[in-house]
Amino acid sequence: MGYVGVGVRLSARNVFVTAVSGPVSRPICQTVGVDEMVCAELVERVTEYLEDVLGEQDLLRLNRHLAVCDSCESYVAQVKATIRVAGNLPGDGLDADAEAGLVEIYRSWVAERDRDR
């Protein structure tokens, strides 16, 4: 079984997020022969893309990648949907301890990722 995507459904009071999995019939990366940008770089740069802060050349490279890679096109759509859903969540937010814990998890992940490069 391979990871396929995320389903998001909103109701008046709830947000339902479902992981959808099943057999993957094609390779995840569909950019064989496209040396402009690989999937991993697109994933790393998606926030800059969505915040419209990529430079002109990087934006061109990313758009060329999206034109040939259905998987990354789906990934960007999923990130946009997540942002849209998160924007509709109640504004109560996290308590300080929970937020600090999540920030620490993220910082640890980034440090580990950067160490492996």
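The values are calculated or read from the model by the stated rules, or taken from the named source; none is laboratory data. Here the structure is a predicted model, which is why all the values come from computation and not from measurement. Cβ: placed from backbone, ideal geometry, glycine included. Neighbour counts: every protein chain shown.
Scanning the stretch 86-97 for residues that are surrounded by 10 or more Cβ atoms within 10 Å (Cβ to Cβ) and either among the small types (Gly, Ala, Ser) or in a helix (DSSP H, G or I) (or both) turns up nothing. Among the residues that make up the stretch 7-27, is at least one of them closer than 23 Å to Val110 by Cα, surrounded by fewer than 16 Cβ atoms within 10 Å (Cβ to Cβ) and either at pLDDT below 90 or among the hydrophobic types (A, V, I, L, M, F, W, C) (or both)? No. Within the stretch 44-85, track down each residue that is closer than 22 Å to Arg113 by Cα and exposed (fewer than 13 other Cβ atoms within 10 Å of the Cβ). Answer for the stretch 44-85, where residues must be closer than 22 Å to Arg113 by Cα and exposed (fewer than 13 other Cβ atoms within 10 Å of the Cβ): Glu44, Thr47.
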